[in-house]
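> Right, I'll just put the structure down here and ask away after.
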Amino acid sequence: MNNLVPKTEWIKTWSDQGVGWIQLSHENKLNPLSAGFILAIKDAAINFDYDQSIGCIIIIGSEKAFAAGADLKEMVKLNYASVSQSRYIENGWLDIPKIQTPIIAAVKGYALGGGCELAMMCDFIIAREDAKFGQPEINIGAIPGAGGTQRLTRSIGKSKAMFAVLTGDMMSAEEAEKNGLVAKVFKNDKFDVSLNEIALKIANQSKPLAKLAKQAVNVAFETTLEEGIRSERALFYSTFALEDHIEGMESFSEKRKPVWKNK
Ligand code: CO8
């Protein structure tokens, strides 16, 4: 029986113009990810995912860190029996990649270990120039456990992922962008405005089309090219069933901006 309590006191949520914000606000500004904290993050993301007014979700940390990894003060007390019986990295973690609404990780400062893994579970990462990414688990007697060896490898390739996992070294925002881990890096004074502009752009797309597009891209992580192309084609055909498909076609012919019905 799982009796974990979500740590909602460490989460701030608000919505603005169709963007759902989830701010990680642990009193330790490094946002150490305990099991209860992850449950609260997952609950907040699911609430926005079911909210019809939300077209884009942002997970953002503090000025100092997105999250500096698993809560090591919690982890130090765990043993093999307790992690496996409590399903330590299943509760909450496995639900975040299932969110249908586009979700952005906004990284300022550290995104290490579980923090880097949480960021990689989002659809893409926007980083401030001071961001630092890494999988340092090897330095504290573990290895990545929430997808780091898999998502980082798919994201930046075997050689660079192996280097990061075996050395535990951190990657700068610039390096992470060059390697393809990060979609965009912005300077300190441009970060908030640029993040908001990107999120608004996505939130103002047709919501069902954005979800189908996200689903199609994510299939590339799960399957062969042939299967992925088949899936993309089926999803593409399904866009023709949407009123927003007709609106998109008509607005193009009529040289005007589409007015999405989200149907
Ligand atoms: N967990 C708990 N407390 C932490 C963590 C953490 N991950 N990181 C830092 N803290 C605490 C420190 O203990 C310190 O507490 P106190 O003031 O009580 O001594 C406080 O935060 C400030 O830390 P520092 O003084 O070290 O701050 P610095 O600015 O000097 O350094 C660093 C910041 C570089 C982030 C440094 O704190 C650090 O290296 N932290 C550990 C990073 C790390 O190893 N992360 C990987 C953890 S393992 C992991 O993530 C496994 C993932 C598996 C899935 C997750 C399941 C939940």
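The values are calculated or read from the model by the stated rules, or taken from the named source; none is laboratory data. All figures in this text were calculated on a predicted structure; none of them were measured in a lab. Cβ: placed from backbone, ideal geometry, glycine included. Neighbour counts: every protein chain shown. Remember, those area values only see protein heavy atoms, side chains included, never the ligands or the DNA or RNA. Shrake-Rupley method; radii C 1.70, N 1.55, O 1.52, S 1.80 Å.
> In the stretch 210-226, what count of residues is obtained for those that are among the aliphatic types (A, V, I, L, M) and open to solvent by 50 Å² or more (accessible area, probe 1.4 Å)? Can you show your working first?
Initially, the stretch 210-226 is screened for residues among the aliphatic types (A, V, I, L, M), giving 210, 212-213, 216-217, 219-220, 225.
After this cut, where a residue has to be open to solvent by 50 Å² or more (accessible area, probe 1.4 Å) as well, the list is 213, 217, 220, 225.
Of the residues in that region, 4 qualify.
> Let me ask you something else. State yes or no: is Lys64 under 13 Å from Thr13 (Cβ atoms), within 13 Å of the ligand (Cβ to nearest atom) and touching a Gly at 6+ places or on another chain (Cβ under 6 Å)?
For Lys64, the condition - under 13 Å from Thr13 (Cβ atoms), within 13 Å of the ligand (Cβ to nearest atom) and touching a Gly at 6+ places or on another chain (Cβ under 6 Å) - is not met.
> For the stretch 101-121, enumerate the residues that are open to solvent by 10 Å² or more (accessible area, probe 1.4 Å) and hydrophobic (A, V, I, L, M, F, W, C).
Leu112, Met120, Met121
> When residues of the stretch 30-53 are filtered for being β-branched (Val, Ile, Thr) and either within 18 Å of Gln135 (Cα to Cα) or buried (at least 19 other Cβ atoms within 10 Å of the Cβ) (or both), how many remain?
Selection size over the stretch 30-53: 2.
> Now, a different point. Take the stretch 29-61 and flag every residue that is among the small types (Gly, Ala, Ser) and more than 11 Å from the ligand (Cβ to nearest atom).
Ala40, Ala44, Ala45, Ser53, Gly55, Gly61
> Exactly one of (1) crowded, with 16+ Cβ neighbours inside 10 Å; (2) free of Cβ contacts under 8 Å to residues at least 12 places away in the same chain; (3) on the phi > 0 side of the Ramachandran plot is unmet by Thr153. Its number?
Of (1) crowded, with 16+ Cβ neighbours inside 10 Å; (2) free of Cβ contacts under 8 Å to residues at least 12 places away in the same chain; (3) on the phi > 0 side of the Ramachandran plot, only one is false for Thr153: (3).
> If you scan the stretch 178-207, which residues turn out to be assigned to a helix (DSSP H, G or I) and open to solvent by 80 Å² or more (accessible area, probe 1.4 Å)?
Of everything in the stretch 178-207, those that are assigned to a helix (DSSP H, G or I) and open to solvent by 80 Å² or more (accessible area, probe 1.4 Å) turn out to be Lys178, Asn188, Asp189, Lys190, Asp192, Val193, Glu197, Lys201.
> Evaluate the following for Phe37: is it farther than 28 Å from Lys201 by Cβ, part of a helix (DSSP H, G or I) and in the same structural domain as Met120 (by TED's automatic domain parsing)?
Taking the combined requirement at face value, the residue satisfies it.
> Here are Glu222, Glu226: which of them is within 20 Å of the chain's Cα centre (by Cα) and more than 30 Å from Phe186 (Cβ to Cβ)? Quick ask: steps written out before the conclusion?
Numbers: Glu226 fails: within 20 Å of the chain's Cα centre (by Cα).
Being within 20 Å of the chain's Cα centre (by Cα) and more than 30 Å from Phe186 (Cβ to Cβ) holds for just one of Glu222, Glu226, which is Glu222.
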